[in-house]
Structure formats: C-alpha cells, structure tokens
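To keep things clear, I will list the structure first and then write my remarks on it.
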Amino acid sequence: MISFIEAFKKELEAEAIQTRRMLEIVPTDKMDWRPNPKSMNIKTLATHLAEIPLMIVMGLKHDKWDFGNSPFEAADCNTTDDLLVCFDNCIAEARIALDESTDDILQDPWTMGMGDQVWLQIEKWETFRHAMGQNAHHRAQLQVCLRLLDIPVPGPYGPSADEM
C-alpha cells in the first residue's frame, strides 16, 4: 500500500498535466475578457488556477494561512507564457512540499482566515483535497470562458467535444 503522500504526488502530476494544457490555450489578447460583469476576467481566473498548487504548500508546511499577517499578492500574469511560468513554479513548490512531508502530519489541524476570522478549519490532508477540488472547479470555469470565445478546449479525462 502506498502512503497518502505518494498518492497525492501521483494525483498532483496527473492534474498538473491537464491544468497546464488548459493554461496553454489562454489567449494573451483576451486577458481582460469576462463572461459577465460579476465574473473574474480571464487573467484573474487563469492566474488563480496557476497558483492553486500553493495551497498545498501552505497546507503541508504551515499550520495556518492568515491573510491578515501575510497577505497574498497574486502573480501578475499578462501573457500565456507568464501563466505557464507561474504554474510551473507553483507546481515545483508543491512537489517540494510533498517530498518534504510524511503521512504523520496529515491529521494535524490547519486554518485559513484573516486575523480572528476563520474561513476554513480542516486537517492538513484535506488541504490537498481542497486544492484539487479548487483546481477542477476553476479549470472548468476557464474551459467555459474559452468555449464562449470559440477556442477549442481539451478534455481532461477523455476527449472533449472539440477533440472528437
């Protein structure tokens, strides 16, 4: 039986391939486009997607992510190439965090919030699962945006309608 950390490494690698495929087709000339005034623009959405692996790092290496004491400033990805460099760097950091972790920390508590306000309180293993859920969610949002722009999209778990 493999460890949870080894299973997480396998899943991260599989999802990273699919996320990178989606980020590769984000058009630089459409970074400001948004499907609705209430929606994030493509630049914000794609940058957030590229940086999601950092949640794995924060979850495994720290007991708390306090945005009041250590505010997170998103990368400034203005081009498709910027997105890919950002994503590759974030994936590399997640790999290191996984390599440096063992299953014995996975039930330790982890908190995300701002000051006294708690947004999320889970065990460290759940930070990985939460990051993977966020990855799938935001990758799907990006896929819809790209489809609305008539950009053919890849299917992450089999061929998309554009690939058939």
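The values are calculated or read from the model by the stated rules, or taken from the named source; none is laboratory data. Computed from a prediction, not measured in an experiment: that's the story for all the values here. Quick reminder, even Gly has a Cβ in these numbers, built from the backbone with ideal geometry, and neighbours come from all protein chains shown.
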Under 9 Å by Cβ, and 6 or more places apart or on different chains, what pairs join a residue from region 143-156 that is closer than 14 Å to Lys30 by Cα and in contact (Cβ under 8 Å) with a residue 12 or more places away in the chain with one that is aromatic (Phe, Trp, Tyr) and surrounded by 12 or more Cβ atoms within 10 Å (Cβ to Cβ)?
-> Cys145/Trp33; Leu148/Trp33; Leu149/Trp33
Filter region 133-162 for residues that are modelled with pLDDT under 95 and of a type in the set (Gly, Ala, Ser); the one that is nearest to Asp63 (Cα to Cα) is Gly155
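Yes or no, residue by residue, for (1) in contact with a strand residue (DSSP E or B) (Cβ under 7 Å, 6 or more places away or on another chain); (2) of a type in the set (Gly, Ala, Ser); (3) loosely packed, with under 14 Cβ neighbours inside 10 Å; (4) modelled with pLDDT of 95 or more:
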{"residue": "Phe67", "(1), (2), (3), (4)": "yes, no, yes, no"}
{"residue": "Ile96", "(1), (2), (3), (4)": "no, no, yes, yes"}
{"residue": "Glu100", "(1), (2), (3), (4)": "no, no, yes, yes"}
{"residue": "Ile105", "(1), (2), (3), (4)": "no, no, no, yes"}
{"residue": "Glu126", "(1), (2), (3), (4)": "no, no, no, yes"}
{"residue": "Ala131", "(1), (2), (3), (4)": "no, yes, no, yes"}
{"residue": "Met164", "(1), (2), (3), (4)": "no, no, yes, no"}
Selected residue (only one of Val26, Val85 is of a type in the set (Val, Ile, Thr) and under 29 Å from Ser101 (Cβ atoms)) | Val85
Answer from Arg95, Arg139 - the residue that is closer than 27 Å to Asp32 by Cβ and part of a helix (DSSP H, G or I) | Arg139
